[in-house]
Amino acid sequence: MKICLISPASGRWKGLGKKKFFNGKTFRFSQLSLLSVAALTPEKHELKLIDEQIEDVPWDEDFDLVGITVMTATAPRSYELCTMFRKRNIPVVLGGFHPTFNIEEAGRYADSIVVGPANRAWQELLTDAENGQLKKLYHGVVDEKAPLKLPKHLLKKSGYLSPHTTYATLGCLNKCSFCSITSFYGGKRYQRPVEHVVAELGSFKAKFFMFIDDNLTQDREYIVSLLKAIRPLKKKWVTQASIEITDDDELLALLQQSGCAGVFVGLESFSEDALCSQNKTIKQPKYYEQAVRKFHQYGMFVEAGLIFGFDSDAKDVFETTLHILDRIGIDVIQASILTPLPGTTLFNEMKDRIVDFNWAHYDYKFAVFNPALMSRDDLKGGLEWINKRFYSPRRIVKRIFRWLSFPSGYKNMYFPLFLNIAYWGRQFQFRVKGYNPAAVKRKEKHNKKSGTMWDQFRDYRKTG
Ligand code: B12
Ligand code: SF4
């Protein structure tokens with residue numbers, strides 16, 4: 001069969017990679033979802049892999065089967081593609097997080113749905129498709145013992161920061177209520193044999209790679225043996241990690257020696273109330289400064305994941321957060337709006353407060369529910385404001401000088417510098433403006449007291 005696997009994109013993401021400047025290459029670092037599906041495909045089939053952020057869907061080609069990977073934010077575009085392909089009598093299969101949690105909805109658009117991982121399900125589905133007997137639903141399983149032999153030649157490599165991404169573990173044992181991982185992996189965590197990971201890393205031609213693991217460091221015994229095994233490869237890499245590891249100097253030293261240049265840490269908020277409301281109290285915010293210092297001491301930059309829109313977040317949360325970020329020395333941020341993704345505990349808790357069910361808005365940049373202490377516009381405006389302020393050229397320069405003052409700062413300087421410029425470019429390219437809702441409130445108060453010139457003029461006219 002001739003099979004086309006598609007990673008869809010819509011709105012400003014579609015074709016973003018074709019732009020000359022700030023084309024989002026930095027953020028397009030993994031296609032493991034589709035590459036993993038491709039790797040499970042017997043060689044007798046012909047495969048094409050399309051990433052809509054970099055290339056167009058080849059409408060003039062004939063395919064026997066189309067497979068689409070779907071996140072909630074890309075669901076509307078995926079359904080559009082389903083309709084267009086099915087008009088041409090080409091059967092379409094949907095897989096990934098969104099169809100897994102929305103079987104009925106996805107089933108209205110596609111011929112088949114793969115729930116969970118592709119392993120086993122995809123091979124069975126292909127046999128059924130060849131026999132013209134596609135079933136509506138397939139359930140997959142994780143196979144952590146299978147070596148990853150990913151057909152990376154299918155990628156348009158120039159469109160990615162690095163085609164060298166991999167994982168050592170899948171899933172996470174924590175239960176943060178806004179996160180889809182716990183439900184997707186049934187609260188379990190899977191670990192690949194260390195020797196498989198090392199063999200795969202050894203095959204990477206480039207020095208730099210990325211672990212996409214959600215919580216790489218959760219099992220100490222495993223991570224220690226993995227780090228010791230990858231140390232001789234002399235690679236440079238980044239990953240997501242939990243802040244609690246900053247209590248473990250031996251582990252931090254091993255991370256540094258094995259080439260870890262930086263970590264993405266989900267700090268989420270500096271409010272303890274907010275973290276408690278989401279089952280996320282791994283470390284209290286008062287320890288964040290000390291933790292960041294520890295990462296820096298071991299030569300790792302810190303990208304903080306931040307979420308806004310918790311019920312305890314008032315209008316001043318953006319300026320307060322910016323102030324703390326400057327003070328504690330965070331190098332990079334990824335700021336998001338609290339988003340109740342289907343399949344999460346948060347979604348069930350918030351169902352009645354959601355006012356926007358357009359899935360395309362579930363990309364962490366829109367307020368899809370009514371926040372408790374501000375308006376939806378304030379939440380969106382505040383998020384854009386903090387992004388713009390944090391990535392202002394003045395702050396970037398300051399951060400880079402601070403970074404250079406660290407003992408071996410110049411060695412890994414490339415990473416925070418590159419990320420800061422990339423994020424600045426994104427705000428610039430998407431014409432992000434935003435506003436500080438707290439400042440607007442202050443201004444309103446001030447205006448009420450003294451009255452604006454227009455108010456005075458109007459009053460004057462009224463009273464003659
Ligand atoms: C790397 C990554 C990205 C990369 C690349 C994504 C990619 N397609 O390769 C980038 C940076 C682009 C990205 C962007 C976003 N991401 Co992201 N991302 C991830 C991450 C960390 C790893 C994905 C991965 O490679 N996993 C490893 C592979 C092997 O597993 P997999 O993707 O689940 O694929 C398996 C199955 O799902 C299934 N499958 C998947 N697709 C298909 C298709 C077919 C046809 C079949 C048969 C099977 C199948 O088979 C695969 C093999 O077993 C995940 C977290 C995670 N652990 O999955 C979040 C995650 C997928 N991202 C998420 C989100 C929300 C986003 C964003 C919307 C927001 C953001 N800021 O992160 C944007 C989307 C922007 C847009 N509009 O397009 C959420 C999705 C939740 C949801 N319900 O949609 C996740 C789960 C993170 C989380 N903790 O909640 N992401
Ligand atoms: S947010 Fe991070 S720590 Fe929490 S469940 Fe998801 S992956 Fe685990």
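Checking 253, 291, 229, 261 one by one, the residue that is touching a strand residue (DSSP E or B) at 6+ places or on another chain (Cβ under 7 Å), more than 16 Å from ligand 1 (Cβ to nearest atom) and of a type in the set (A, V, I, L, M, F, W, C) is 261 and no other. Among the residues of the stretch 197-216, those identified as under 22 Å from the mean Cα position of the chain (by Cα), buried (at least 17 other Cβ atoms within 10 Å of the Cβ) and either aromatic (Phe, Trp, Tyr) or more than 13 Å from ligand 1 (Cβ to nearest atom) (or both) are 209, 211.
Residues checked against (1) at pLDDT 95 or above; (2) under 27 Å from residue 51 (Cα atoms); (3) touching a Gly at 6+ places or on another chain (Cβ under 8 Å); (4) near ligand 1 (Cβ under 9 Å from one of its atoms):
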{"position": "151", "(1), (2), (3), (4)": "no, yes, no, no"}
{"position": "156", "(1), (2), (3), (4)": "no, yes, no, no"}
{"position": "159", "(1), (2), (3), (4)": "no, yes, yes, no"}
{"position": "162", "(1), (2), (3), (4)": "no, yes, no, no"}
{"position": "165", "(1), (2), (3), (4)": "no, yes, no, yes"}
{"position": "177", "(1), (2), (3), (4)": "no, no, no, no"}
{"position": "188", "(1), (2), (3), (4)": "no, no, yes, no"}
{"position": "191", "(1), (2), (3), (4)": "yes, no, no, no"}
{"position": "195", "(1), (2), (3), (4)": "yes, no, no, no"}
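Has the stretch 1-12 got at least one residue that is within 18 Å of the chain's Cα centre (by Cα) and surrounded by fewer than 15 Cβ atoms within 10 Å (Cβ to Cβ)? Checked the stretch 1-12: at least one residue is within 18 Å of the chain's Cα centre (by Cα) and surrounded by fewer than 15 Cβ atoms within 10 Å (Cβ to Cβ).
Residue-wise test of (1) in contact (Cβ under 8 Å) with a residue 40 or more places away in the chain; (2) of a type in the set (D, E, K, R); (3) in contact with a Phe, Trp or Tyr (Cβ under 7 Å, 6 or more places away or on another chain).
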site: 319; (1), (2), (3): yes, yes, no
site: 327; (1), (2), (3): no, yes, no
site: 368; (1), (2), (3): no, no, yes
site: 374; (1), (2), (3): yes, no, no
site: 379; (1), (2), (3): yes, no, yes
site: 387; (1), (2), (3): yes, no, no
site: 412; (1), (2), (3): yes, no, yes
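Residue 333 fulfils the conditions (1) free of Cβ contacts under 8 Å to residues at least 24 places away in the same chain; (2) of a type outside the set (Gly, Ala, Ser); (3) part of a strand (DSSP E or B) except for a single criterion, (1). Among the conditions (1) within 26 Å of the chain's Cα centre (by Cα); (2) more than 30 Å from residue 311 (Cα to Cα), the only one that residue 172 does not satisfy is (2). Does residue 167 qualify as being touching a Leu at 6+ places or on another chain (Cβ under 6 Å) and within 16 Å of ligand 2 (Cβ to nearest atom)? Against the criterion (touching a Leu at 6+ places or on another chain (Cβ under 6 Å) and within 16 Å of ligand 2 (Cβ to nearest atom)), residue 167 does not qualify. Is it the case that the stretch 100-116 has a residue that's at pLDDT 95 or above, closer than 30 Å to residue 227 by Cβ and assigned to a loop (DSSP other than H, G, I, E, B)? Within the stretch 100-116, one or more residues are at pLDDT 95 or above, closer than 30 Å to residue 227 by Cβ and assigned to a loop (DSSP other than H, G, I, E, B).
Yes/no matrix, rows are residues, columns are (1) of a type outside the set (Asp, Glu); (2) modelled with pLDDT of 90 or more; (3) closer than 28 Å to residue 160 by Cβ:
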position	(1), (2), (3)
396	yes, yes, yes
417	yes, yes, yes
455	no, no, no
461	yes, no, no
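Taking the criterion of being under 27 Å from residue 90 (Cα atoms), within 8 Å of ligand 1 (Cβ to nearest atom) and at pLDDT below 95, the residues of the stretch 3-29 that qualify are 9, 10, 11, 13. For residue 438, the conditions (1) over 29 Å from residue 315 (Cβ atoms); (2) modelled with pLDDT of 90 or more; (3) of a type in the set (A, V, I, L, M) all hold with the exception of (1). Among the numbered conditions (1) touching a strand residue (DSSP E or B) at 6+ places or on another chain (Cβ under 8 Å); (2) within 12 Å of ligand 1 (Cβ to nearest atom), the only one that residue 39 does not meet is (1).
In the stretch 374-388, the count of residues that are in a strand (DSSP E or B), assigned by TED's automatic domain parsing to the domain that holds residue 303, within 16 Å of ligand 1 (Cβ to nearest atom) and under 18 Å from the mean Cα position of the chain (by Cα) is zero. When 91, 117, 58 are screened for being over 26 Å from the mean Cα position of the chain (by Cα), more than 27 Å from residue 18 (Cα to Cα) and touching a residue at least 24 places away in the same chain (Cβ under 8 Å), only 91 passes. For the stretch 348-358, the criterion of being buried (at least 22 other Cβ atoms within 10 Å of the Cβ), closer than 26 Å to residue 427 by Cα and modelled with pLDDT of 95 or more is met by none of the residues.
The values are calculated or read from the model by the stated rules, or taken from the named source; none is laboratory data. Remember, predicted model here, so these are calculated numbers, not experimental data. No Cβ is skipped: glycine too gets one built from the backbone with ideal geometry, and neighbour counts run over all protein chains shown.
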